[in-house]
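Q: Have a look at this one before I ask anything.
Values in this text are rule-based calculations from the coordinates and carry no lab data. Bear in mind that the values here come from a model prediction, so they are computed numbers and not experimental data. Virtual Cβ from ideal backbone geometry, glycine too; neighbours counted across all protein chains shown.
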There are 2 protein chains.
Amino acid sequence: MMELTRKGEYAIRGIVYLAQQPAGKVSLISEIAQATEVPQTFLAKIFQSFAKLGLINSSRGTGGGFILGRPASSITLRQVVEAVEGPIMPNRCLLGTGSCERDGHCRVHPVWKTVQSHVVGILDGVTIEELASK
Amino acid sequence: MMELTRKGEYAIRGIVYLAQQPAGKVSLISEIAQATEVPQTFLAKIFQSFAKLGLINSSRGTGGGFILGRPASSITLRQVVEAVEGPIMPNRCLLGTGSCERDGHCRVHPVWKTVQSHVVGILDGVTIEELASK
DNA sequence: ACCTTTAAGACCAGTTTAGTCTTTTTATAA
DNA sequence: TTATAAAAAGACTAAACTGGTCTTAAAGGT
Ligand code: SF4
Ligand code: SF4
């Protein structure tokens, strides 16, 4: 239960690799894919999601590639995971009112809410900078 | 991310219903399915998993049905969820050594371990008795 | 015998996962 | 201005998983 998909795992590996590069260095997707042992075309998709959210900046053409969009210390593990896997949501009823007609009197509902806030708290407490340090 | 499946949701509803019945009362799968708004044949499968683990007792024939296998206070939400969804496992590398060759130096690994232990702790801290009280 | 009830397992449509492949766009360099 | 380099976009796919259904078998009661 609650397993991270390959996409999430690869996403973390990819952005951590970026954070480990010297400041200002632009990395090619081919280079990142090889270093992180992730299929290149799949990683490219993942990085597109990051770029849309501003987590990384991309540039095309000769000398192009990827670079962190903001300091590694301001990117949390939660942001990376949610960028590719969607919000952390242990049960459907946490989305909003009306998603389950039982949620008024349901005793299980608050348990899932607790789980959600704990997991969010843990992942928000870890930055990519911390993960990148060796 | 981390969403409980229908099977897990239905499993909880079903066993909580059983716990809400008067002591000694045997419930039919048709009755439970109707009360919990779960497809009957699907719920039957779920209850088979419970029976194998001893969480509930089943008997066939006239007068048969399902009854809790042990006190609701000694069944935790974790046991119920894991019975149908498998172990709580945020990432593959938590299964055992060797599942990821990076786990020695990996900084992400301990984060998933923390997530796992928190979620397990929360779900183990909730009994079906608590969920069944009205 | 006959009826009731769960057990077991085959089956299935739809969705998601984990990618691949091709074409297009943008940027640099000769 | 042409060639080259690189990411972006999107179509496509096989395999697995989800959320069930259906049929037959087994066990128990009358
Ligand atoms: S029954 Fe309770 S836990 Fe289940 S979806 Fe509804 S509100 Fe959430
Ligand atoms: S978190 Fe680290 S140890 Fe776990 S699968 Fe990812 S790289 Fe491997």
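Q: For segment A:6-133, calculate the relative contact order in percent as a whole number, restricting contacts to Cα pairs under 8 Å that are 6 or more residues apart.
A: Values: 153 pairs, mean separation 38.2, N = 128.
That works out to 30 percent.
Q: Run the reach check for A:Lys134 against aspartates and glutamates, Cα to Cα strictly under 14 Å, same-chain hits fewer than 8 apart removed. What comes back?
A: B:Asp103
Q: I would also like to ask the following. B:Lys45: which lysines have alpha carbons under 25 Å from its alpha carbon, excluding same-chain residues fewer than 8 sequence positions away?
A: B:Lys7, B:Lys25
Q: For segment B:6-133, just say rounded, prolate or oblate: build the C-alpha gyration tensor, square-root its eigenvalues into a ≥ b ≥ c, call rounded for a/c under 1.5, and beyond that prolate if a/b exceeds b/c, oblate if not.
A: Working: a/c = 2.95, a/b = 2.32, b/c = 1.27.
It comes out prolate by the Cα gyration axes.
Q: Can you list, shortest first in nanometers, how far A:Asp124 lies from the same residue in the other copies, with each label 7 Å from Cα toward Cβ?
A: 2.6
Q: About the Cα centre of the protein assembly as shown, what is the dipole size in debye to 20, counting +1 per Lys and Arg Cβ and -1 per Asp and Glu Cβ, all else neutral? Display every interim value, and only then the final one.
A: Working: 28 positive and 22 negative charges, 48 e Å.
With Lys and Arg at +1 and Asp and Glu at -1, about 240 debye.
Q: A further question on this structure: Would you mind telling me which residue in A:Glu85, A:Glu101, A:Glu31 has the biggest mean-square fluctuation in a Gaussian network model of chain A, where springs connect alpha carbons within a distance under 10 angstrom?
A: Result: A:Glu101 has the largest fluctuation of those listed.
Q: In nm, what does the list of distances from A:Gly54 to its counterparts in the other copies look like, shortest first, when each label sits 7 Å along Cα to Cβ?
A: Going from nearest to farthest copy, the values are 5.7 nm.
Q: So what's the protein assembly as shown giving for Cα Rg divided by 2.2 N^0.38 Å, two decimals? Each step should come with its number before you reach the end.
A: Details: Rg = 22.5 Å, N = 268, 2.2 N^0.38 = 18.4 Å.
In units of the globular-protein estimate, the protein assembly as shown measures up at 1.22.
Q: Now for a different question. Using Cα centres only, tell me the gap between segment B:87-134 and segment B:21-50 in whole Å.
A: Measuring centre to centre over Cα atoms gives 29 Å.
Q: Set the Förster radius R0 to 35 Å, insert the Cβ-Cβ distance between A:Ser59 and B:His105 as r into 1/(1 + (r/R0)^6), and round the FRET efficiency to 0.05.
A: Working: r = 31 Å, r/R0 = 0.88.
About 0.70, to the nearest 0.05.
Q: One decimal, nm, shortest first: give the distances between the label point of A:Thr41 and those of the same position in the other copies, each label point 7 Å from Cα along Cα→Cβ.
A: Those label-point separations list as 3.9 nm.
Q: Could you tell me the calculated FRET efficiency between B:Ala51 and A:Ser117, based on Cβ-Cβ distance and R0 = 35 angstrom, to the nearest 0.05?
A: Values: r = 34 Å, r/R0 = 0.98.
The computed FRET efficiency comes out at 0.55.
Q: Here is a further query. Which cysteines in the protein assembly as shown lack any other cysteine whose Cβ sits under 4.7 Å from their own Cβ?
A: That list is A:Cys106, B:Cys106.
Q: If you count, for every residue in A:86-93, the Cβ atoms of partner chains within 10 Å of its Cβ, what is the mean?
A: On the way: counts 3, 3, 4, 4, 9, 7, 5, 2.
Across A:86-93, the average partner-chain Cβ count within 10 Å equals 5.
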